[in-house]
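Chemist: Got a structure here, written out as structure tokens. Questions coming.
The values are calculated or read from the model by the stated rules, or taken from the named source; none is laboratory data. Small disclaimer: the values here were computed from a predicted structure and weren't measured. Cβ placement follows ideal geometry from the backbone for every residue including glycine, while neighbour counts extend to all protein chains displayed.
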Amino acid sequence: MKSYTTDKIRNVVLIGASHSGKTMLSEAMLFEGKVIDRRGSVEEKNTVSDNTEFEQTNQKSINATPLYGEFNGCKINFIDAPGSDDFSGGALSAFKVVESAVMVMNGTTGVEVGTTIFSRYADQYGKPMVIAVNQMDHDKANWEGVRHAIAEEFGKKAIICQFPVNPGPGLEGFVDVITMKFYNAKNEELDIPAAYADEAEELRAELMEKAAEGSDELMEKFFETMELTTDEIREGLRAGLVKCETIPVFCVAAKANIGVRRLMEFIVNVCPSPLGTVQKTVDGGEVRCNPAAPTSIFIYKTSVEQHLGEVSYFKVMSGTLNEGADLVNPETGNGERLSAIYAVAGSKKEKVASISAGDIGCVMKLKAGKTDVTLAAPGQEAIEHMVFPDAKYRCAVKAVDKNDEAKVGDALNKIAAQDPTITVEYSKELRQTILSGMGEQHINYVKWRVNNEFKQNIELYAPKVPYRETITKIATAQYRHKKQSGGAGQFGEVHLLVCPYIEGQEAPKNFKIDGKDTVFNFKSQDITDLEWGGKLEFYNCVVGGSIDLGFMPQVQDGGRSAHRFLRPRHPRVCVRR
Amino acid sequence: MHPVDSKEIAFIIAGRNAFKEAFKNAGPKILEPIYNVDIITPNEYVGPCMSDLNTRRGMIMNQDMDKGMTVLHARVPLAELYRYSTILSSLTGGSATFQMTFQMKFAEYVQVPADVQTKLIAEYAAQEQEED
Ligand SMILES: Nc1nc2c(ncn2[C@@H]2O[C@H](COP(=O)(O)OP(=O)(O)O)[C@@H](O)[C@H]2O)c(=O)[nH]1
Ligand SMILES: [Mg+2]
């Protein structure tokens, strides 16, 4: 396989609701991109993208699979992301390495919950979006409905670039108002049928106006001549796209492979290339995507794959990665030789000699770093880490068989190292291992993996709540500990008083104990800030020389350890004899 | 660990027991962590979200709008938040999302209602017995 220069690379992620057809679109793009010569289908469980057992049995994507295709001399890397919010980690990691997103919409239903969720994410992560309205060949295809839903959801940002001719099982093709051509069901480029010429002209006028908003120059030209050339329209769309102000709308029928070629052509012609894009570094610097700069690659995903073991996916953020390169992890100083590097289309990996800035590839069995790390030529700064939403689902986890605890811990840690949206933490206070992720399905998938990949059984249950305890009135107590059983005898007697602490108020010294007014004489005090925000004030009020003051810490420790589950909030403890 | 001096252990035990005893008589009250929960939901689901929050002892502090969605700012005891993402999702057809935040400071802990306290103490006693 040849190496592509940075300007000949496009990186996109396919996002959208579940069942909109992202995986089928990927399959068609692989076919059009000459990576496969026969298209599989989700139903036959033979797509390149859904290649794990779990994905095939459930007929849904769980992993964001990196794929590519070649089109008009360009390499389009596209990542097929899962549509469920529980697995949004895949799409969000992909945002780190792509320049734009293709929002796939189901042409029978229009804007779905998943559409909104993922367009919100694209917005948050600042990624330009192109809409592909899919399933235009479906018997329930509803172009007019979808078109209105798009206008309602995305307002004036959305701009129609295509419309279908005879949507439904008899789909004839799409009229494209950028090229002003008709693309039939065999993907042939023809003249627009006369019956659709008026509609095309009308949309073309709207498109020109939108494209003109891309830059002042285009706007001037447009006002003067009321006309933009096709190339100027592309330029204007690209400018609007990059600023996330324009969302071009396309149509496809992925399963029948209609319109996919034209969508890829648009990606190549208009979507931004990685050349010149900037990544911030952890030290506040910048890494520019420049093939002549020192090499820096960022690992955005790690997975364990059949027959291969651990595979790390990366984007070359700058410079050129040659096979055999010696790179270091700037954050740990660990070095590593990347002896073999690959281009990826799902489980198909092709060895390559070099990968240019902006391109995506993979490497096996890395030691110097897992997901979310930079490997670079010596002296480079680490690229800023990926950001994910906070976990939304927490539960406690344990091995069904206590003897497997260590193996289960190991399995969970491995999964967490691969999936940055999973965390596994042992809580000393709760004495439970807490597993958190993006949702219940996500956590159940972890359980499935522990069971199927690591052959261990785990149980998930409600985590304990870290309760605290406070006191509301004054109380006293005394305790005498006496033990004589050979060796040195044990004797200790403690008298103490506890009273509620009131923020900003000095500790009282006068108390009525058993009806008697008693004045405390503070010998020393010790104030401990408790890790949850509370405070423990401890006053030593020992009278005379009745005990060795050296034992105070022991008394205090005893007091503190008395409340393992329910901890005192702001108590004041006065010890006296 | 170095062997504990017999006198030291005596004071640890005495301190511990005296403290336990005093605490028991000092009107102890259980506090629970209260999380700040921001729920982002399409307007049509505001009602169901609110009544669900009521069943979780949640308090709605205020409400505003963001990009056409309603944002409910609520305070909800952590004890009532187990599986909340799943519940919110089924309540709203998957269209709502939420964020939870908690700061480790004592103002974020609030006394539990009396019935919850009774239940917790019973549970804790049972658990202690089991562990001993
Ligand atoms: N009629 C029709 N069905 C499609 C099309 N694209 C996908 N499908 C079907 O829609 C379902 C979901 O497709 P899939 O690619 O798995 O969706 P994803 O969840 O977005 O990846 C599958 O049953 C596909 O066969 C299409 O263009 N036309
Ligand atoms: Mg899929």
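Chemist: Quick check on my filter: what residues within the range A:129-161 are over 21 Å from residue A:10 (Cβ atoms) and assigned to a loop (DSSP other than H, G, I, E, B)?
Modeler: Hits for the range A:129-161 are A:135, A:136, A:137, A:138, A:139, A:140, A:141, A:142.
Chemist: Residues in the range A:17-35 that are of a type outside the set (Ser, Thr, Tyr) and either away from ligand 1 (no atom under 15 Å from the Cβ) or within 14 Å of chain B (Cβ to nearest Cβ) (or both): how many?
Modeler: Qualifying residue count, the range A:17-35: 5.
Chemist: Which of the residues spanning the range A:511-526 are within 18 Å of residue A:538 (Cβ to Cβ) and part of a loop (DSSP other than H, G, I, E, B)?
Modeler: A:520, A:521, A:522, A:523
Chemist: What residue, of A:20, A:26, A:41, is within 13 Å of ligand 2 (Cβ to nearest atom), out of contact with any Lys or Arg (no Cβ under 6 Å at 6 or more places or on another chain) and at pLDDT below 95?
Modeler: The conditions single out A:41.
Chemist: Among B:69, B:100, which is in contact with a strand residue (DSSP E or B) (Cβ under 7 Å, 6 or more places away or on another chain), surrounded by 12 or more Cβ atoms within 10 Å (Cβ to Cβ) and at the interface with chain A (Cβ under 8 Å from one of its Cβ atoms)?
Modeler: Just a single option satisfies the conditions, and that option is B:100.
Chemist: Separate question: For the subset of the range A:211-239 comprising residues that are of a type in the set (Ser, Thr, Tyr) and part of a loop (DSSP other than H, G, I, E, B), which member is surrounded by the fewest Cβ atoms within 10 Å (Cβ to Cβ)?
Modeler: Top of the filtered list is A:229.
Chemist: Counting only residues that are modelled with pLDDT of 95 or more, in contact with a Ser or Thr (Cβ under 6 Å, 6 or more places away or on another chain) and in a loop (DSSP other than H, G, I, E, B), how many does the range A:339-380 have?
Modeler: Matching residues across the range A:339-380 total 5.
Chemist: From A:503, A:493, which residue is within 14 Å of chain B (Cβ to nearest Cβ), touching a residue at least 40 places away in the same chain (Cβ under 8 Å), assigned to a loop (DSSP other than H, G, I, E, B) and closer than 26 Å to residue B:25 by Cβ?
Modeler: The conditions single out A:503.
Chemist: Could you please find all residues in the range A:107-128 being farther than 15 Å from residue A:85 by Cα and either assigned to a strand (DSSP E or B) or of a type in the set (Gly, Ala, Ser) (or both)?
Modeler: Matches in the range A:107-128: A:107, A:110, A:126.
Chemist: Among the numbered criteria (1) more than 9 Å from chain A (Cβ to nearest Cβ); (2) more than 20 Å from the chain's Cα centre (by Cα), which one does residue B:16 miss?
Modeler: The failed condition is (1).
Chemist: Take the residues of the range A:84-100 that are in a loop (DSSP other than H, G, I, E, B) and within 14 Å of chain B (Cβ to nearest Cβ): which is surrounded by the fewest Cβ atoms within 10 Å (Cβ to Cβ)?
Modeler: The selected residue is A:84.
Chemist: Does residue A:435 fit the bill of being assigned to a strand (DSSP E or B), within 14 Å of another protein chain (Cβ to nearest Cβ), of a type outside the set (Phe, Trp, Tyr) and closer than 25 Å to residue A:54 by Cβ?
Modeler: In short, yes.
Chemist: Within the range A:59-73, count every residue that is more than 14 Å from ligand 2 (Cβ to nearest atom) and under 29 Å from residue A:143 (Cβ atoms).
Modeler: 3
Chemist: Moving to a separate point now. In the range A:74-83, is there at least one residue being within 15 Å of ligand 1 (Cβ to nearest atom), in a strand (DSSP E or B) and farther than 19 Å from residue A:362 by Cα?
Modeler: No; the residues of the range A:74-83 include none that is within 15 Å of ligand 1 (Cβ to nearest atom), in a strand (DSSP E or B) and farther than 19 Å from residue A:362 by Cα.
Conditions (1) out of contact with any Ser or Thr (no Cβ under 9 Å at 6 or more places or on another chain); (2) small (Gly, Ala, Ser); (3) touching a residue at least 24 places away in the same chain (Cβ under 8 Å), marked per residue:
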residue	(1), (2), (3)
B:11	yes, no, no
B:23	yes, no, no
B:29	no, no, yes
B:53	yes, no, no
B:57	yes, no, yes
B:70	no, no, yes
B:73	yes, no, yes
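Chemist: Given the criteria in contact with a Pro (Cβ under 6 Å, 6 or more places away or on another chain) and among the acidic types (Asp, Glu), does residue A:440 qualify?
Modeler: no
Chemist: Count, please, the residues in the range A:223-260 that happen to be touching a strand residue (DSSP E or B) at 6+ places or on another chain (Cβ under 9 Å) and either aliphatic (A, V, I, L, M) or away from ligand 2 (no atom under 16 Å from the Cβ) (or both).
Modeler: 17
Chemist: Follow-up question, since we're still on this one. Can you name the condition, by its number, that residue A:417 falls short on among (1) surrounded by fewer than 17 Cβ atoms within 10 Å (Cβ to Cβ); (2) in a strand (DSSP E or B)?
Modeler: (2)
Chemist: Within the range A:37-56, track down each residue that is more than 22 Å from the chain's Cα centre (by Cα), without any contact (Cβ under 8 Å) to a residue 60 or more places away in the chain and away from ligand 1 (no atom under 13 Å from the Cβ).
Modeler: A:37, A:38
Table: residues versus (1) touching a Leu at 6+ places or on another chain (Cβ under 7 Å); (2) more than 16 Å from ligand 2 (Cβ to nearest atom); (3) under 30 Å from residue A:41 (Cβ atoms).
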site: A:262; (1), (2), (3): no, yes, yes
site: A:267; (1), (2), (3): no, yes, yes
site: A:270; (1), (2), (3): yes, yes, yes
site: A:286; (1), (2), (3): no, yes, no
site: A:290; (1), (2), (3): no, yes, no
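Chemist: Moving on to the next point. Would you check if residue A:2 is in contact (Cβ under 8 Å) with a residue 40 or more places away in the chain, assigned to a loop (DSSP other than H, G, I, E, B), surrounded by fewer than 19 Cβ atoms within 10 Å (Cβ to Cβ) and not hydrophobic (A, V, I, L, M, F, W, C)?
Modeler: no
Chemist: Further, regarding this structure: Taking residue A:480 and the conditions (1) of a type in the set (D, E, K, R); (2) crowded, with 20+ Cβ neighbours inside 10 Å; (3) in contact with an Asp or Glu (Cβ under 7 Å, 6 or more places away or on another chain), which numbered condition does it fall short on, given that it satisfies the others?
Modeler: (2)
Chemist: Scan the range A:284-305 and report the pairs whose first residue is under 30 Å from residue A:63 (Cα atoms) and whose second residue is surrounded by 14 or more Cβ atoms within 10 Å (Cβ to Cβ) and among the aromatic types (Phe, Trp, Tyr), with Cβ atoms within less than 7 Å and a gap of 6+ or a chain change.
Modeler: A:297/A:314; A:298/A:314; A:299/A:313; A:299/A:314; A:300/A:313; A:300/A:314; A:301/A:313
Chemist: Go through the range A:74-92 and give me each residue that's of a type in the set (S, T, N, Q), within 16 Å of ligand 2 (Cβ to nearest atom) and touching a strand residue (DSSP E or B) at 6+ places or on another chain (Cβ under 7 Å).
Modeler: Passing the criteria: none in range.
Chemist: Of everything in the range A:62-73 that's more than 22 Å from the chain's Cα centre (by Cα) and either within 11 Å of ligand 1 (Cβ to nearest atom) or part of a loop (DSSP other than H, G, I, E, B) (or both), which residue is farthest from the other protein chains (Cβ to nearest Cβ)?
Modeler: Step by step, filter the range A:62-73, then rank; the result is A:73.
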